[in-house]
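Student: Would you mind keeping the following structure in view while I ask a few things?
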Amino acid sequence: MIRKTIHFFGNVQGVGFRYTTRSTATGFEVSGYVRNLSNGSVELVAEGNNAEIERFLEMLRNRMSGHIDREEERESPATGEFSGFGVR
């Protein structure tokens, strides 16, 4: 199990990005959260197995491709602190 923290940059606030992310997550075995940051980016934290997280991210990127200009990704061990996927 791993944790991926991704910051999405571009036109990612005010376009339904967080709710699209939560909706997309329901089809995958991932847990975590998505939230807006004060610098205009969106932070996504997802835990699960690497293959499942990658499938989830691929679908999200496809759904929101017109809004994402750039991403910064960091990987770390999963903590198991999440029981579902939510919007913060």
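Student: Consider residue 18 against the criteria (1) touching a residue at least 60 places away in the same chain (Cβ under 8 Å); (2) touching a His at 6+ places or on another chain (Cβ under 6 Å): it satisfies all of them except one. Which criterion is unmet?
Tutor: (2)
Student: Another question, if that's okay. If you scan region 1-53, which residues turn out to be assigned to a strand (DSSP E or B), over 12 Å from residue 87 (Cβ atoms) and not β-branched (Val, Ile, Thr)?
Tutor: Answer for region 1-53, where residues must be assigned to a strand (DSSP E or B), over 12 Å from residue 87 (Cβ atoms) and not β-branched (Val, Ile, Thr): 3, 4, 7, 8, 9, 10, 31, 46, 47, 48.
Student: Then there's this: Restricting the search to region 61-86, which residues are surrounded by 13 or more Cβ atoms within 10 Å (Cβ to Cβ) and either touching a helix residue (DSSP H, G or I) at 6+ places or on another chain (Cβ under 9 Å) or touching a residue at least 24 places away in the same chain (Cβ under 8 Å) (or both)? Give the derivation first.
Tutor: Initially, region 61-86 is screened for residues surrounded by 13 or more Cβ atoms within 10 Å (Cβ to Cβ), giving 61, 63-64, 67-68, 71, 78, 82, 85-86.
Of everything in region 61-86, those that are surrounded by 13 or more Cβ atoms within 10 Å (Cβ to Cβ) and either touching a helix residue (DSSP H, G or I) at 6+ places or on another chain (Cβ under 9 Å) or touching a residue at least 24 places away in the same chain (Cβ under 8 Å) (or both) turn out to be 63, 64, 67, 68, 71, 78, 82, 85, 86.
Student: Given the conditions (1) surrounded by 14 or more Cβ atoms within 10 Å (Cβ to Cβ); (2) touching a helix residue (DSSP H, G or I) at 6+ places or on another chain (Cβ under 8 Å), and given that residue 27 satisfies all but one, which numbered condition is not satisfied?
Tutor: Condition (1) is where residue 27 drops out.
Every number here is computed from the coordinates shown, using simple stated rules; none is lab data. Small disclaimer: the values here were computed from a predicted structure and weren't measured. Every residue, glycine as well, gets a Cβ built from its backbone with ideal geometry; the counts of neighbours run over all protein chains shown.
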